[in-house]
1. Among the strands (runs of 3 or more DSSP E) confined wholly to segment 26-135, which include 3 or more residues that are assigned by TED's automatic domain parsing to the domain that holds residue 162?
2. Has segment 151-168 got any residue that is at positive phi, assigned to a loop (DSSP other than H, G, I, E, B) and surrounded by 15 or more Cβ atoms within 10 Å (Cβ to Cβ)?
3. With respect to residue 265, is the statement that it is out of contact with any helix residue (DSSP H, G or I) (no Cβ under 6 Å at 6 or more places or on another chain) and surrounded by 16 or more Cβ atoms within 10 Å (Cβ to Cβ) true?
4. If residue 258 satisfies every condition in (1) more than 15 Å from the chain's Cα centre (by Cα); (2) buried (at least 16 other Cβ atoms within 10 Å of the Cβ); (3) at negative phi but one, which is the exception?
5. Just wondering, is there one or more residues in segment 276-290 that are surrounded by fewer than 16 Cβ atoms within 10 Å (Cβ to Cβ), modelled with pLDDT of 95 or more, more than 28 Å from residue 23 (Cβ to Cβ) and touching a strand residue (DSSP E or B) at 6+ places or on another chain (Cβ under 6 Å)?
6. Taking segment 105-119, which residues are surrounded by fewer than 18 Cβ atoms within 10 Å (Cβ to Cβ), touching a residue at least 24 places away in the same chain (Cβ under 8 Å), at negative phi and out of contact with any strand residue (DSSP E or B) (no Cβ under 6 Å at 6 or more places or on another chain)?
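The values are calculated or read from the model by the stated rules, or taken from the named source; none is laboratory data. From a predicted model like this one, the values you see are computed outputs, not experimental measurements. Virtual Cβ from ideal backbone geometry, glycine too; neighbours counted across all protein chains shown.
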């Protein structure tokens, strides 16, 4: 039995088609890794989160998706299934990462829940595992897809649609399926960067720039309030909940130009807009550790600039 974290985006209508990436330079998923950031004394967190649209508030429960490679309906026949799941999750994530998630959530008064499912057969009435992290322990429950939809409906406060056709790309087939319903899976925070004590440095949204236009032309008003108004309103609600947090968008080219633009979008009492920005070279080779570390240092220096 193996548990894993979903990696990358695939098309909903054909899971064999992956989202476009630069095979040489890579992207944020190759640069902003926990291992790379740890070399600079930082920690990184990514998760799915809810906004209650009825009350316009951030919900303090974070979801962490995980795949499991066996049928859960068979697994739970074993009287020791809870111990087996717990061990597999710790083996997959590492005890240090599980501890980081708990300490981050504890400091910021959040709850961490893991949603564990078999990507290949959840639609065949195979149950899911819902696990709440409580210190060194996991409180595990068996749920079904309708239970999951009820949790989503309760958290969002009302039926919610993301479009007639749903998602085009996603990290799981489950998200694709739910995206055409009125209980879509919650969206994610691409990256929260913290210091070693879990104090937040930046909330970062990653956006590909795969057009031939200058990256300097990339800016929030291209996406907000349309077509990504909901995404940015959600991120800003999360930003406002997390004390002294700034929201940034990091635009990056997917071709050989290897350029990044980072734009500050909201901070303190200042609402979503195009505030300060910087352009810098992106890594040109995802296997060049020195280049990546230098890039991350430059990004972090911008995130930590005192805003006047």
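1. Working: elements: 42-52, 57-68, 111-117, 128-134.
Hits in segment 26-135: 57-68, 111-117, 128-134.
2. Yes, segment 151-168 contains a residue that is at positive phi, assigned to a loop (DSSP other than H, G, I, E, B) and surrounded by 15 or more Cβ atoms within 10 Å (Cβ to Cβ).
3. Values: out of contact with any helix residue (DSSP H, G or I) (no Cβ under 6 Å at 6 or more places or on another chain): no; surrounded by 16 or more Cβ atoms within 10 Å (Cβ to Cβ): yes.
Answer is no for this residue.
4. The failed condition is (3).
5. Yes - at least one qualifying residue is present in segment 276-290.
6. Hit for segment 105-119 is 107, nothing else.
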